[in-house]
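Enquirer: One structure, pasted below without further comment.
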Amino acid sequence: MRILLVNVPHPAIGSRIPKEQLPPLGLLSIGGPLIDDGHEVRLIDGEFGPMPLETLVAQAVEYRPDAVLFGHSGSSSGHPVIARYAAMMRRSLPGSKIVYGGVHPTYFWREILAAEPWLDAIVRGEGEETVRRLIQAFEENAPLDAIEGLAFHRDGVPFATAAAPVIRNLDDYRIGWELIDHARYSYWGGKRAVVVQFSRGCPHLCTYCGQRGFWTRWRHRDPVLFAREIAWLHREHGVQVFNFADENPSAGRKPWKAFLEALIAENIDVTLVGSTRADDIVRDAEFLHLYKQAGFERFLMGMENTDEDTLRLIRKGAKTSTDREAIRLLRRHNILSMATWVAGFSEQTDRDLFRGLKQLISYDPDQIQALYVTPHRWTPYFREAEGREVVQVDQTKWDYKHQVLAMQCMPPWRLFLWVKFIEAACQLRPRALLRWLWHPEPKIQHAIRWYYRMGRRVWFHEIFSFLFRDHAHRRQFTLAEFVGQAQDAEEEAMTIGKRPATIARLAEQVG
Ligand code: B12
Ligand code: SF4
């Protein structure tokens, strides 16, 4: 079949401000297996430009695809854009199948199929195997009922088949790197870049996490094969920066160490950036030099809060002392730390926010990212928040960078001022500025300066948007009225074999 993968342009800061684009790994991950099945596959990446709707559709029509496949890593916040583009695609290509996949449609399939009755299928959970079966069924005109991990209209009503099993061996499927021109993609200040993924999922229990349940079980690729792929991308395609998509790549100490050693053995000079947990950094204190040697330049650590009570509420399973220690250890190895700090998990007063700021400064991270709590309906945290009022009704702004839930103690403008103040105070304190002025390692100096350049643009852009575009003040709905009822019973999107996964068992396995 002739298949078109479409990456739509997302209005979020992560897509628009950097003026650099990363390849859409989710779409490339389903593209690889489809090419291997003998299909003709093409990708249109609308993030460049960004590409206007009409241009994107015109290019699609010219290709005459049998199936058009939509997905976006902005997920929930990207959904309104996908809905618009897919509707136009349906009108322009009446004979093509239209398919949608990713995190948001995995959970919102009922609402999406009801609102967009012309969609041919939604792929729920990870897509590699399910999409192969789906396309084969389209080709053979076979019924979809027997394919696990789908949702579609059956007798005019939204219907889902059983959840698909998790992919046990991630190396069974390859990424369709040939779908992109590597020269177009960059990150980290103009360096050729890709997104890669060593592992999927996370064994921890944070109640607000929208990803853990989606991947259902923590799994990792073969450490040596994964290192080999990175080296191949570097040598064959000149890729310099590898942005890890993993939620928690270091969850398994042994495979993680094996990967670091395998990459060091490849003897290449690359930049690796990723996210992990502070307690893994502290756990690996004795071999953090391997992180550095492999190429890690920055870790984002989701600290989320500096208040022990809030950390307990969201079951982060972390301690503020560990967060502090992780930052210190990373600095000792010349690896930058980025701390994320989230406003609004629970009601906060000016005093709480001031205390948070003081504590963040005392952690002394190199970079901070201040975000707003953004509850996903399929997480346990949603139940905690479902009675709270919504102050942002534009779903494209449910992107962690806009306040969506009201706070009883302060109006949106005051929380906004606090968040901007916290960002500025952390990034402009003398110690941080001294590191901006001088750092012994040129690569790290480049990374620090790039982040400040980006931060400056984001900071002013957000102030402008808050004043003139965002309209964060309507309190018409509670969270449950706006988003729908809690869906935490369906949090795990896939199954482990025939049994539903239990997170406790996974934690034991990872050890
Ligand atoms: C790398 C990344 C980015 C990069 C994007 C680079 C790019 N071009 O993709 C950058 C830094 C630019 C970014 C920005 C943003 N991101 Co981001 N990002 C990620 C991250 C870490 C990895 C994405 C990824 O590649 N995953 C690996 C691939 C293999 O997984 P996948 O995309 O889900 O695809 C699989 C399935 O979902 C499915 N599938 C997906 N699409 C389709 C389509 C079809 C047709 C089918 C059949 C199947 C299918 O099959 C795939 C293979 O199994 C994720 C967290 C994560 N681990 O996924 C967050 C994440 C996707 N980002 C998120 C957010 C909110 C954003 C921003 C809105 C932030 C902001 N305010 O700017 C923006 C949006 C713009 C954008 N371009 O995405 C959230 C989305 C939350 C949600 N559930 O709605 C996530 C989940 C982070 C989180 N922990 O919550 N992001
Ligand atoms: S540690 Fe991160 S990825 Fe793991 S459950 Fe918590 S928030 Fe999710």
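The values are calculated or read from the model by the stated rules, or taken from the named source; none is laboratory data. Note that the structure is predicted; figures quoted are calculated from it, not measured. Quick reminder, even Gly has a Cβ in these numbers, built from the backbone with ideal geometry, and neighbours come from all protein chains shown.
Enquirer: Counting just the residues of the range 388-406 that are polar (S, T, N, Q) and in a loop (DSSP other than H, G, I, E, B), which one comes out surrounded by the fewest Cβ atoms within 10 Å (Cβ to Cβ)?
Expert: Residue satisfying both the conditions and the ranking: Gln392.
Enquirer: What are the residues in the range 254-282 that are part of a loop (DSSP other than H, G, I, E, B) and either surrounded by fewer than 18 Cβ atoms within 10 Å (Cβ to Cβ) or more than 16 Å from ligand 1 (Cβ to nearest atom) (or both), if any?
Expert: Within the range 254-282, Asn267, Ile268, Asp269, Val270 meet the criteria.
Enquirer: For the range 109-206, give me every one of the strands (runs of 3 or more DSSP E) that falls completely inside it and has 2 or more residues that are not β-branched (Val, Ile, Thr).
Expert: Correct list: 150-154, 157-160, 191-196.
Enquirer: If Ala121 satisfies all but one of (1) buried (at least 20 other Cβ atoms within 10 Å of the Cβ); (2) of a type outside the set (Asp, Glu); (3) assigned by TED's automatic domain parsing to the domain that holds Asp222, what's the number of the condition it fails?
Expert: (3)
Enquirer: Could you count how many residues in the range 169-211 are among the β-branched types (Val, Ile, Thr) and either within 13 Å of ligand 2 (Cβ to nearest atom) or at pLDDT below 95 (or both)?
Expert: 1
Enquirer: Restricted to the range 14-36, and to residues that are loosely packed, with under 15 Cβ neighbours inside 10 Å and not basic (Lys, Arg), which residue is farthest from ligand 1 (Cβ to nearest atom)?
Expert: Step by step, filter the range 14-36, then rank; the result is Asp36.
Enquirer: What number goes with the only condition from (1) within 26 Å of Gly26 (Cβ to Cβ); (2) among the β-branched types (Val, Ile, Thr); (3) more than 16 Å from ligand 2 (Cβ to nearest atom) that Ile264 does not pass?
Expert: Ile264 satisfies all of (1) within 26 Å of Gly26 (Cβ to Cβ); (2) among the β-branched types (Val, Ile, Thr); (3) more than 16 Å from ligand 2 (Cβ to nearest atom) except (1).
Enquirer: Also, I was wondering about something else. Does Ile444 satisfy the condition of being surrounded by 12 or more Cβ atoms within 10 Å (Cβ to Cβ), in contact with a Phe, Trp or Tyr (Cβ under 6 Å, 6 or more places away or on another chain) and not basic (Lys, Arg)?
Expert: no
Enquirer: Out of the range 232-253, which residues are in a helix (DSSP H, G or I) and either on the phi > 0 side of the Ramachandran plot or buried (at least 18 other Cβ atoms within 10 Å of the Cβ) (or both)?
Expert: Leu233, His234
Enquirer: Which of the following residues is away from ligand 1 (no atom under 16 Å from the Cβ), in the same structural domain as Ala425 (by TED's automatic domain parsing) and out of contact with any Pro (no Cβ under 7 Å at 6 or more places or on another chain): Glu297, Glu384?
Expert: Glu384
Enquirer: While we're looking at this one, here's another question. Kindly indicate whether Asp364 is within 14 Å of ligand 2 (Cβ to nearest atom) and either touching a residue at least 40 places away in the same chain (Cβ under 8 Å) or over 19 Å from the mean Cα position of the chain (by Cα) (or both).
Expert: Judged against the criteria, Asp364 is not a match.
Enquirer: Output the helices (runs of 4 or more DSSP H) that fall wholly within the range 1-99 and possess 2 or more residues being touching a helix residue (DSSP H, G or I) at 6+ places or on another chain (Cβ under 6 Å), or say none.
Expert: In the range 1-99, 25-36, 53-63, 75-92 are the helices (runs of 4 or more DSSP H) which contain 2 or more residues that are touching a helix residue (DSSP H, G or I) at 6+ places or on another chain (Cβ under 6 Å).
Enquirer: Within the range 396-418, count every residue that is closer than 22 Å to Thr207 by Cβ and within 23 Å of the chain's Cα centre (by Cα).
Expert: So the answer is 8.
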